[in-house]
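The values are calculated or read from the model by the stated rules, or taken from the named source; none is laboratory data. Since the model is a prediction, treat every value here as computed from it, not as a measurement. Positions of Cβ are generated from backbone atoms using ideal geometry, with glycine treated the same way; all protein chains shown enter the neighbour counts.
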Amino acid sequence: MIVDCAHYRGGERQREKPLTLAEAEERLGQGYVWVGLADPSREELAEAQARFCLHPLAVEDA
């Protein structure tokens with residue numbers, strides 16, 4: 001489950017409500033994106049891996 005997803009710029013959270021992974025992907029390169037996952041499903045991990053180019057070993061150990 002995605003528990004939070006936020007975009008930060010200059011050390012400040014840019015929006016109060018959580019972002020979707022698609023919205024977070026659009027903001028890459030404009031600060032940083034934080035995604036909090038708790039007991040993610042295989043589908044959620046696969047989506048995060050694809051959107052954020054995560055290394056397979058990072059996802060395997062998650």
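Select from the stretch 24-48 the residues that are in contact (Cβ under 8 Å) with a residue 12 or more places away in the chain and charged (D, E, K, R) and write down the one among them that is farthest from VAL59 (Cα to Cα).
So the residue we want is ARG27.
Read through the list (1) surrounded by fewer than 16 Cβ atoms within 10 Å (Cβ to Cβ); (2) under 29 Å from GLY10 (Cβ atoms), then give the number of the only condition that GLU60 fails.
For GLU60, the exception is condition (2).
List the number of the failed condition for LYS17; all other conditions in (1) surrounded by 15 or more Cβ atoms within 10 Å (Cβ to Cβ); (2) modelled with pLDDT under 90 hold.
Unmet for LYS17, out of (1) surrounded by 15 or more Cβ atoms within 10 Å (Cβ to Cβ); (2) modelled with pLDDT under 90: (1).
Looking at GLY36 and the list (1) in a strand (DSSP E or B); (2) surrounded by 13 or more Cβ atoms within 10 Å (Cβ to Cβ), which single condition is not satisfied?
Condition not satisfied by GLY36: (2).
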